[in-house]
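Just so it is clear, none of the values below were taken in a lab; they were calculated from the coordinates. Please read these numbers as outputs of a predicted model, since none were measured by experiment. When we count neighbours, we look across all protein chains shown, and the Cβ atoms used for this are built from the backbone with ideal geometry, even at glycine.
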Amino acid sequence: MGGAMLAGWLRQGVDPADVIVVEPSGRSGTEGVRAVPGPEAVPAAFQPDMVVLAVKPQMMEAALPPYARFGKAVFLSIAAGKTLGYFAGHLGDTAAVVRAMPNTPAAVGRGMTVAVANARVPAAGRALASALLSAVGEVAWIEDEAQMDAVTAVSGSGPAYVFLLAEALAQAGAAAGLPDDLSARLARATVAGAGELLHQAAEEAAVLRQNVTSPGGTTFAALQVLMADADGMTPLLTRAVAAAAERSRQLAG
């Protein structure tokens, strides 16, 4: 995810000379971008406006302490489950921290990121965070950090639900008599195409659904199953999102 964000920043015109990547291998993987093996190797004269913490949550405990030296920067974390309070405990109560939850479509510039800032982040810091995060897709801000668990369940985990839809649709097509490879191709193209149509259309998803549903037709017959009150897609996804949100709360606790 950090690599995808860096690529997006460079595409938007960020000067590679203004970026230092901390990577144990000492290689940034991006031409013109300097890499160092650890935060202690960052030159003392380098005072960043923002420190992006793009490490796995389970590695944060060990990785974070050396970055306290950049106390004048805004810290932007994309580590799932690590709260603003967690960072205050490790970086100090005066640290300006933005917690963000991007999702994997950021790798192709179509991500959805939701962010929340603590009271120490100035307006300019929020604007900089928005600019950096928007390089890989859309950005939304929330004021109540407790909503981040639901955000994680909907957009953070959401791409997996869509991939499962494509997988299940392919299996259903094969069960209906299509060759496996053709069914997989139809499902993949249909999910991707419908997603792009939803992205470009001004209409709400419900309107787009209604536009392709003729009364008494084939789509109508399928939706009678998918939209069943008790065991249809909506109650199933509601339970799935609730389970993901609860797990997010457990991990943060």
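Within the range 195-207, the set of residues being within 28 Å of Gln147 (Cα to Cα) and either surrounded by 10 or more Cβ atoms within 10 Å (Cβ to Cβ) or touching a Phe, Trp or Tyr at 6+ places or on another chain (Cβ under 6 Å) (or both) comprises Gly195, Glu196, Leu198, Ala201, Glu203, Glu204, Ala205, Val207. Restricting to the range 15-27, count the residues that are out of contact with any helix residue (DSSP H, G or I) (no Cβ under 8 Å at 6 or more places or on another chain) and either aliphatic (A, V, I, L, M) or under 13 Å from Val52 (Cβ atoms) (or both). The number of residues fulfilling the criteria is 4. Would you mind stating whether Gln171 is of a type outside the set (Val, Ile, Thr), outside any loop (DSSP other than H, G, I, E, B) and closer than 20 Å to Leu251 by Cα? No, not satisfied. For Ala73, state whether it is among the hydrophobic types (A, V, I, L, M, F, W, C), surrounded by fewer than 21 Cβ atoms within 10 Å (Cβ to Cβ) and without any contact (Cβ under 8 Å) to a residue 12 or more places away in the chain. For Ala73, the condition - among the hydrophobic types (A, V, I, L, M, F, W, C), surrounded by fewer than 21 Cβ atoms within 10 Å (Cβ to Cβ) and without any contact (Cβ under 8 Å) to a residue 12 or more places away in the chain - is not met. Consider the range 228-253 and keep the residues that are outside any helix (DSSP H, G or I) and surrounded by fewer than 12 Cβ atoms within 10 Å (Cβ to Cβ). The one that is nearest to the chain's Cα centre (by Cα) is Gly253. Suppose the filter is surrounded by fewer than 13 Cβ atoms within 10 Å (Cβ to Cβ), within 30 Å of Glu138 (Cβ to Cβ) and more than 27 Å from the chain's Cα centre (by Cα); does Val225 pass it? No; evaluated as a whole, the condition is false for this residue.
The one condition from (1) farther than 21 Å from Arg126 by Cβ; (2) out of contact with any helix residue (DSSP H, G or I) (no Cβ under 8 Å at 6 or more places or on another chain) that Arg69 does not meet is (2). Just checking, does the range 172-194 include any residue being free of Cβ contacts under 8 Å to residues at least 12 places away in the same chain, surrounded by 13 or more Cβ atoms within 10 Å (Cβ to Cβ) and among the charged types (D, E, K, R)? Scanning the range 172-194 turns up at least one residue that is free of Cβ contacts under 8 Å to residues at least 12 places away in the same chain, surrounded by 13 or more Cβ atoms within 10 Å (Cβ to Cβ) and among the charged types (D, E, K, R).
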